[in-house]
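Since the structure comes first, as structure tokens, the remarks are kept for the end.
Nothing in this text is a laboratory measurement; each read-out follows from the coordinates by a stated rule. Every value quoted in this text rests on a predicted model; they were computed, and no experiment measured them. Cβ sites come from the backbone with ideal geometry, for glycine too, and all protein chains shown count toward neighbours.
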């Protein structure tokens, strides 16, 4: 399946879909995408368990100081090429996604 981002590049899409180098990169990216899904699912499971425990202890589920620390910590640990702003956006997206998934049950 090839997606076109604009213009009439159907001929180049056909050629690239048969290019071995392109296919190797696509396979590598697909494997990374599968790992990403596994990691997000593992994080969702861990957060669900943490929130269950916090509920039993009468603790608030969300800790904004911890979320700020997480962004700063990951920005400091990041070796690039993702920018510090990109790290902040990624963390914000993941935390938001986890909250939405928990609400979905």
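Quick notes on this structure:
- Estimated inter-spin distance, residue 35 and residue 67, nm [label 7 Å along Cα→Cβ]: 2.8 nm
- The stretch between residue 59 and residue 101 holds 13.1 nm of extra length on full extension. This uses 0.36 nm per residue minus the Cα-Cα distance.
- Full extension of the chain segment joining residue 84 with residue 23 gains 18.9 nm, where the gain is 0.36 nm per residue of separation less the Cα-Cα distance.
- Cα shape, the range 62-105, gyration tensor, a/c 1.5 rule: oblate
- With N as its number of residues, the range 19-102 has a Cα radius of gyration that, divided by 2.2 N^0.38 Å, comes to 1.37.
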